[in-house]
Amino acid sequence: MNGLSAILLEKIRYNCVVEFYNLLYLLARKRQKIIPDVLSIDETIRRIVSTGASVSRFGDGEMLLIGGRPIRFQKESTLLSERLKEVMASQQDGHLVCISDTFEELSRYTRSARRFWRTHFYLYGDLWDRYLVGGRTYGNTFITRPYIDFKLKEQSAGWFNMLKTIWNKRDLLVVEGEKSRLGVGNDLFDNAASIRRILSPPLNAFEKYDLILEEVSKQDKGVLVLLALGPTATVLAYDLHKIGYQAIDIGHVDIEYEWFRMGARRKVSVPSKYVNEALTGREIGMTTEESYFSQIICKI
């Protein structure tokens, strides 16, 4: 079986599983025991801008790893699970824990997004009930996913413009997977004062956690650290905040911006960038932008 056939088979299998558990969720009328208070995307961005907060985000992947299950680009480990639990429970001043706002009303999302979250909560909702803190207010993790999963996309332009105010005239340190290439080929970070990059492994980055933390810690604390390293970024943003950096787990924001610019209606591949969720998004071409290579200060 060739590579594309294997990917198509994986996609078909995934859709069958999602349909099955989505139906079970609806038939069982399943609901979470804890319904968290989650800020809107606008409120979350305004809080980051006004307070200089650092951000750690939790989604389906982080919760699977807490439960000891691997995800596509990060294998499980006891240490990673324990660190994620620590960050989830943390209440550090100036550090914002973000989760999704999908625990109740899903009508604003696309059909595929609704199916996905129902399946996720059917299978792993007990983990959220175990580790969420009732009565606490969380930030919204969709600050970094403000486009593709929303049924009505008119607000997306405004959200991206709001996001850009976070790094306006700031010196950026982008810590990303080797093939992520945040901002390359678009204007997402054009209003930043400068950009430097630390490249990390695109798979199992947590295995190099100490090296990544060490390299970032060599940089001036006046930089804004943007992290695109999957669950490793969730932990790293927390640890960097504790030693005096503003660090934001920025996740898939660059890919979302690319989809927004092309008017995409489904998750498609982007030339020269790793797109984990697209059918052929792991087939990565080269980039020829010289400015990108000049920004790289370290490769781990």
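The residues of the range 224-242 that are touching a Gly at 6+ places or on another chain (Cβ under 8 Å) and either assigned to a helix (DSSP H, G or I) or of a type in the set (S, T, N, Q) (or both), listed by number, are PRO231, ALA233, HIS241.
When the range 70-81 is limited to residues that are part of a helix (DSSP H, G or I) and of a type in the set (S, T, N, Q), the one that is surrounded by the fewest Cβ atoms within 10 Å (Cβ to Cβ) turns out to be THR78.
Considering the range 238-275, and only residues there that are out of contact with any strand residue (DSSP E or B) (no Cβ under 6 Å at 6 or more places or on another chain) and aromatic (Phe, Trp, Tyr), the residue that is surrounded by the fewest Cβ atoms within 10 Å (Cβ to Cβ) turns out to be PHE260. The residues of the range 113-132 that are touching a helix residue (DSSP H, G or I) at 6+ places or on another chain (Cβ under 7 Å) and closer than 25 Å to THR51 by Cβ amount to a single one, TYR131.
When the residues of the range 182-232 are narrowed to those that are among the polar types (S, T, N, Q) and crowded, with 17+ Cβ neighbours inside 10 Å, which ends up nearest to HIS95 (Cα to Cα)? Walk me through it before giving the result.
Taking the range 182-232 and keeping what is among the polar types (S, T, N, Q), we get 186, 191, 194, 200, 204, 217, 219, 232.
Filter once more, so that each one left must be crowded, with 17+ Cβ neighbours inside 10 Å: 200, 219, 232.
Working: SER200: 24, GLN219: 20, THR232: 16 Å.
Filtering the range 182-232 for residues that are among the polar types (S, T, N, Q) and crowded, with 17+ Cβ neighbours inside 10 Å, the one nearest to HIS95 (Cα to Cα) comes out as THR232.
With ILE12, ILE34 as the choices, which residue is in contact (Cβ under 8 Å) with a residue 60 or more places away in the chain and either farther than 30 Å from LYS221 by Cα or not hydroxyl-bearing (Ser, Thr, Tyr) (or both)?
Numbers: ILE12 fails: in contact (Cβ under 8 Å) with a residue 60 or more places away in the chain.
Selected residue: ILE34, the only one of ILE12, ILE34 that is in contact (Cβ under 8 Å) with a residue 60 or more places away in the chain and either farther than 30 Å from LYS221 by Cα or not hydroxyl-bearing (Ser, Thr, Tyr) (or both).
Pairing each residue of the range 63-90 that is within 22 Å of THR119 (Cβ to Cβ) and in contact (Cβ under 8 Å) with a residue 60 or more places away in the chain with any residue that is polar (S, T, N, Q) and part of a helix (DSSP H, G or I), provided the two are 6+ apart or on different chains, yields C-beta distances under 7 Å for LEU65/SER81; ILE66/SER81; LEU84/THR234.
Tell me, please, whether a residue that is farther than 23 Å from GLY244 by Cα and in contact with a Leu (Cβ under 6 Å, 6 or more places away or on another chain) can be found in the range 85-108. Looking through the range 85-108, none of the residues is farther than 23 Å from GLY244 by Cα and in contact with a Leu (Cβ under 6 Å, 6 or more places away or on another chain).
Quick check on my filter: what residues within the range 234-255 are of a type in the set (A, V, I, L, M, F, W, C) and more than 23 Å from ASP187 (Cα to Cα)? Spell out how you get there, then give the answer.
The initial filter retains those residues of the range 234-255 that are of a type in the set (A, V, I, L, M, F, W, C), namely 235-237, 240, 243, 247-248, 250, 253, 255.
Residues satisfying the conditions are VAL235, LEU236, ALA237, LEU240, ILE243.
No value in this document is a laboratory result; all are computed from the given coordinates. Note that the coordinates shown come from a computational prediction; the quantities given were computed from them, not determined experimentally. Every residue, glycine as well, gets a Cβ built from its backbone with ideal geometry; the counts of neighbours run over all protein chains shown.
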